[in-house]
Amino acid sequence: MAKGIEKISFHDQIARNKWRSFFLVIIVFIVLIALGYVISLAFDPGYFFIIMIIATIISLLYVMLTYYNSDKIALASVGAKKADKILHRNLYIAVENMSIASGLPMPQVYVMPGNQINAFATGHNPKNAVICVTEGALAKLNKQELEGVIGHEMSHIANYDIRYMTTVAVVVGAISIISQMVLRSMWYGNRDREGKSNIIFLLIAIVFAILAPIVVMLVQFAISRKREFMADAGSVQFTRYPPGLIGALKKIKGEYEPMKVPDAVKPLFFSDTSRKISGLFQTHPPIDERIKILEAM
């Protein structure tokens, strides 16, 4: 444990981030309800239900199509190949060890090109899970560090994070579509409204329609960061050796070349691939903060 840092239990860290994630999801649903309420004031209430149904169906179809093919899409987008049990023996051993430690089925194992240290997990349930690591991770990480990274990804699988984030994505997508439909209807529709659809409610509806997608997107990023903290704690639970994951993060911190991967799969990765985005728009917590918490375990 690092000097001067209060000891943290990985059990407490996991529980704390689960509750924080749940609370943030509630915020997303509250935004959806608030948006609907404001629209019902500015328009006929039936109008909101119509566009909500349309938006939810569109969002649900798109996200679920992606969800059930997430492994194939992610692997193809990064040029990953199935790992060779002989050539990548150390990787297979690390995944097998973490599979035993977590009590989860052995996931499929893939390797993607790239000199940077990184990895990701995908698949809609533990029985159909995939773990993919970069060539750089295999070349630069020692046994304990590699197991730390694999343990992190196994924790994502154990916590059904792909399913969890898919649920959030459906609601966030629906809010975005609803907002776009409302703004377009205001622009092209009849502006001569009376009664509840007065100028004040219209202005409030416009503000909500503009701000709601931004707010829920920021909440979505915050949820992603909490799930990363939780996966770090899960890795410690599986490996019982925080220095392994700490060592991997320190090596990643020393790398300066960003990874070139499609935007759609960036949130899946073990660490931030761009290194250019900071603050509320980060999908991953700062590496220094992750290290600090791990050093206290």
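The values are calculated or read from the model by the stated rules, or taken from the named source; none is laboratory data. No experiment lies behind these values; they were computed from the predicted model shown. Backbone-built Cβ (ideal geometry, glycine too); neighbour counts: all protein chains shown.
Determine which single condition LYS251 fails, assuming it passes every other condition in (1) in contact with a Pro (Cβ under 7 Å, 6 or more places away or on another chain); (2) part of a helix (DSSP H, G or I). It is condition (1) that LYS251 fails.
Would you confirm whether or not the stretch 216-228 contains a residue that is farther than 30 Å from GLY36 by Cβ and within 17 Å of the chain's Cα centre (by Cα)? Yes, some residue in the stretch 216-228 is farther than 30 Å from GLY36 by Cβ and within 17 Å of the chain's Cα centre (by Cα). Considering ILE293, ILE287, ILE277, the condition of being at pLDDT below 95 and touching a Phe, Trp or Tyr at 6+ places or on another chain (Cβ under 8 Å) is satisfied by ILE293 alone. Among the residues of the stretch 278-297, those that are aliphatic (A, V, I, L, M) and assigned to a helix (DSSP H, G or I) comprise LEU280, ILE287, ILE291, ILE293, LEU294.
Among the residues of the stretch 254-266, just one is in contact (Cβ under 8 Å) with a residue 24 or more places away in the chain, assigned to a helix (DSSP H, G or I) and either of a type outside the set (A, V, I, L, M) or surrounded by fewer than 16 Cβ atoms within 10 Å (Cβ to Cβ) (or both), namely ALA264.
Inspect the stretch 81-99 for any residue being surrounded by 13 or more Cβ atoms within 10 Å (Cβ to Cβ), polar (S, T, N, Q), closer than 22 Å to TYR164 by Cα and at pLDDT 95 or above and give the result as yes or no. Checked against the condition, which is being surrounded by 13 or more Cβ atoms within 10 Å (Cβ to Cβ), polar (S, T, N, Q), closer than 22 Å to TYR164 by Cα and at pLDDT 95 or above, the stretch 81-99 yields at least one hit.
For every residue, the table says whether it meets (1) without any contact (Cβ under 8 Å) to a residue 24 or more places away in the chain; (2) of a type in the set (D, E, K, R).
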position	(1), (2)
TYR62	no, no
TYR68	no, no
LYS85	yes, yes
HIS88	no, no
TYR92	yes, no
MET98	no, no
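Would you be able to tell me the number of residues in the stretch 267-285 that are surrounded by 16 or more Cβ atoms within 10 Å (Cβ to Cβ) and either under 15 Å from MET217 (Cα atoms) or in contact (Cβ under 8 Å) with a residue 60 or more places away in the chain (or both)? Qualifying residue count for the region: 10.
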